[in-house]
Amino acid sequence: MPADPTRRRLLLAAPALLLSGCKVFDGMTGDSPARNLLEGANALTHATQKFVARDALAPEYSRADIRQGMRPNGVTAPQDSDYQALAASGWADWRLAVTGAVERPLSLSLAQLMAMPPRTQITRHDCVEGWSCIAEWTGVQLSRVLAEARPLPQARFLYVRSMDTIERGLAGGIRYWESLDLRDALHPQTILAYGMNGSPLPVANGAPLRLRVERQLGYKMAKYLHAIEVVPALADKGGYWEERGYDWYAGI
Ligand SMILES: Nc1nc2c(c(=O)[nH]1)N[C@H]1C(S)=C(S)[C@@H](COP(=O)(O)O)O[C@H]1N2
Ligand SMILES: [Mo]
């Protein structure tokens, strides 16, 4: 899927004026390697990046690099009554369903996810709107959850489904969703995060569980998760924003 060079250039040119919660482009000024890569890589296609850099690790930072709280964006307070009921119970009744092309469908509580070996990483989140924030994320590697579910041989992609209604239309509400291929799903920095900056994940940033896929732009990192569905092929453009023209592969 070819990247759109115009949009990428716009992204890079996006002025600091857009920033509110994050006062600086963390590391996006000067000769940041990521920025140079972006500028040099305008024409990189999904196919090319797949063979050049996709399995490389995203840069990780130290706690001293966290200059402000994580700026919330998109939906920050889901109004959905099922979501609010789960929040009121302290997530006791919340489950993550893992279904589809797997040998062993799962229904995992937050306690079960937290009992799995955790991973903590300090990374920079880049939003397509032109701001970025460094934050610390704690969660479980998606690869570990998938290893429990045991994807079938035909599995190639997965959908992550959110609980927040991002748009209310004539045909009813649309809940946020996203998708990854298995290669990104199995990347060591791809985690299901339940903690942020040393505290439980706040509602504004996706409680109780959100995806972190550190080699891609912010819109891939669905918040308010309740289900993962493993599939042989995507049945749509792959996500809420993709249906509205964004690239499915949002590599950075
Ligand atoms: N469920 C859900 N996930 C979402 C969004 C959203 O509106 N709803 N917005 C996306 C966008 S565009 C960004 S930049 C990040 C913002 O994450 P944050 O609120 O932790 O900054 O979440 C992404 N995931
Ligand atoms: Mo974003």
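Rule-based calculations on the coordinates, nothing more; no lab input. What you are looking at is a predicted structure, and each value in this text was computed from that prediction instead of being measured. Positions of Cβ are generated from backbone atoms using ideal geometry, with glycine treated the same way; all protein chains shown enter the neighbour counts.
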Matching residues, segment 206-249, being among the aromatic types (Phe, Trp, Tyr) and surrounded by 23 or more Cβ atoms within 10 Å (Cβ to Cβ): TYR224, TYR249
Quickly run through segment 194-249 and pick out the residues that are near ligand 1 (Cβ under 10 Å from one of its atoms), of a type in the set (A, V, I, L, M) and within 20 Å of PHE157 (Cβ to Cβ). LEU211, LEU217, MET221, ALA222, LEU225
Segments classed as strands (runs of 3 or more DSSP E), wholly inside segment 123-186, with at least 3 members that are under 30 Å from ILE66 (Cα atoms) and within 9 Å of ligand 1 (Cβ to nearest atom): 157-169, 172-181
Going through segment 54-111 in order, the residues found to be among the aromatic types (Phe, Trp, Tyr) and over 22 Å from THR165 (Cβ atoms) are TYR61
Being away from ligand 2 (no atom under 16 Å from the Cβ) and surrounded by 14 or more Cβ atoms within 10 Å (Cβ to Cβ) is the filter here, so list the residues in segment 151-177 that pass it. PRO151, ALA155, ARG156, PHE157, LEU158, TYR159, ARG161, MET163, THR165, ILE174, ARG175
From the list ARG95, ARG144, ARG104, exactly one residue is without any contact (Cβ under 8 Å) to a residue 40 or more places away in the chain and either farther than 18 Å from ALA250 by Cβ or more than 16 Å from ligand 2 (Cβ to nearest atom) (or both). Which is it? ARG144
